[in-house]
Amino acid sequence: MDIRLQLTNTPKQKPVDETKLGFGHIFTDHMFLMNYKTGKGWHDARIVPHQNLNLAPSAMCLHYAQEIFEGLKAYRRDDGEIQLFRPEENFKRMNVSAKRLVIPQLPHEEEMVEALMKYIDIERDWVPRTKGASLYIRPFVIAVDPYLGVKPADEYLFIIIASPSGAYYSDGFNPVDIYVEKHYVRAVKGGMGFTKTGGNYAASLAAQDEAHQQNYSQVLWLDGIENKYIEEVGSMNIFFIINGEIVTPELQGSVLPGITRKSVLELCKSWGYKVSESRISIDEISDYYDKGQLDEVFGTGTAAVISPVGHLKWGDKVMLINEGKIGEVSRKIYDTLTGIQYGDLPDEFGWTRKLS
Ligand code: COI
């Protein structure tokens, strides 16, 4: 891919205290842009100063939410080198999301990874030096035609922005309290739950808002048809350790195929754990809890990596998981994944991609 460069003459000051970055507030000096037009395809890839977009108020993405996004991170190793974690998986998934939202396919994932690496190389000084902090990368596509009819657009913008960030949740890696959502649903089979599109996150806001009002961090989402089977937690995938076995809801259309989810499954399998992707109901979880067989519960996602669950409330019943403490397996998974991501542990899976 030919990428035109227009670099800034006025670089911003980098954050001084990397322990206070927060998540997604600060942006680097540049952004990556590429246009699409029907008949012309993707064209004019460029890296330009980070700036506001010039968008028509009638741009289709603003009205009918034809947009997709991804999230991944660049990590700084102790030797100063920068690496990405499974970036090709993000671009593969982006094309799955694109298909569902009738957005044109992006170039092959390897070409996209190469373009991303070129961009991150320019922003390399923005990759934090503190463990736990990283450069959060947000690729996204928006439909930009100035048109108010409901149809797939003819013009799109692919953009990458980047944000030096710390922990996603203010709780960090500490166990969070969640409740089982009985009223709202996040997605249904046949809908867009398996894609990374803004609409899924917009659909989750009312429940999240109510959860926060009740001093809960997130909600546990049940399926939208029977309101019975577990799907996700907040904006993350969910895992249960039941009697020593690792269980996560199967991907049946309404669950996001998380890259951390996939990595946890592969990691635990390699450690010899029995691992299963299955249809699991909240009644079953409650029964396992009563029998003392629910060992650990945790969410997985790019932003938080692993987020242990301390209390799980279902109606009047409050399940205290692992005495509200971080579980042994959750800790081991977290340490191993972050160890690989920051280059502190050998990457036996070939998951990391160093910038040259
Ligand atoms: C993630 O866990 O990576 C997410 O999906 C959260 C993101 C939308 C900030």
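Each reported figure results from applying straightforward, stated rules to the coordinates on display, with no laboratory input. Worth saying up front: this structure is predicted, and the values here are computed from it rather than measured. Because the Cβ atoms are built from the backbone with ideal geometry, glycine has one as well, and the counts that use them run over all protein chains shown.
Using every pair of distinct Cα positions in segment 176-341, the Kirkwood expression returns a hydrodynamic radius of 15.8 angstrom. Put simply, when 112-120, 146-154 are sorted by average Cβ atoms within 10 angstrom per residue, most first, you get 112-120, 146-154.
Using the crude model of +1 on Lys and Arg Cβ and -1 on Asp and Glu Cβ, and no other charge, please compute the dipole size for the chain relative to its Cα centre, in debye to 20.
My answer is approximately 640 debye.
More than 19 Å apart: what percent of Cα pairs in segment 58-162 qualify? Within segment 58-162, distances greater than 19 Å cover 48 percent of Cα pairs.
Spacing of the modelled spin labels on LEU53 and GLU226, each 7 Å from Cα toward Cβ, amounts to 4.0 nm. Considering only ILE178, VAL255, ALA203, the residue lying farthest towards the positive end of the dipole of the chain is ALA203, judged by Cα position with unit charges set on Cβ.
Sorting check: for 229-242, 95-108, 156-169, 51-64, which peptide has the highest mean count of neighbouring beta carbons within 10 Å, and how do the rest follow?
Peptide ranking by packing, descending: 229-242, 156-169, 95-108, 51-64.
Alpha-carbon geometry of the chain: the Rg and the Dmax are 20.6, 64 Å, given in that order.
In this simple spin-label model, placing a label point 7 Å from the Cα along the Cα-to-Cβ direction at both ALA202 and PHE349 gives a separation of 3.3 nm.
Hey, what did segment 199-333 get for relative contact order, percent, Cα under 8 Å, at least 6 apart?
Working: 206 pairs, mean separation 27.3, N = 135.
In percent, rounded to a whole number, it is 20.
When the listed pairs LYS14/LYS262; LYS196/LYS274; LYS291/LYS332; LYS262/LYS291; LYS73/LYS269 are checked against a 31 Å cut-off, the alpha-carbon distance exceeds it for LYS14/LYS262.
The value of relative contact order for segment 86-209, using C-alpha pairs under 8 Å at least six residues apart, is 23 percent. Computed from phi, the 3J(HN,Hα) profile of segment 6-22 under the Karplus parametrisation 6.51, -1.76, 1.60 (θ = phi - 60°) reads 9, 8, 6, 8, 10, x, 7, 6, 7, x, 8, 9, 6, 7, 10, 5, x Hz, with x in place of Gly and Pro.
For segment 41-48, backbone phi angles converted through the Karplus equation (6.51, -1.76, 1.60; θ = phi - 60°) give residue-by-residue couplings of x, 6, 7, 6, 5, 7, 10, 9 Hz, Gly and Pro being listed as x. Across the chain, C-alpha contacts under 8 Å between residues 6 or more apart give a mean separation that, scaled by the residue count, equals a relative contact order of 18 percent.
Projecting the Cα positions of ALA59, TYR119, GLY41 onto the charge dipole of segment 4-165 (unit charges on Cβ atoms of Lys, Arg, Asp and Glu, taken about the Cα centre) puts ALA59 furthest along the positive direction.
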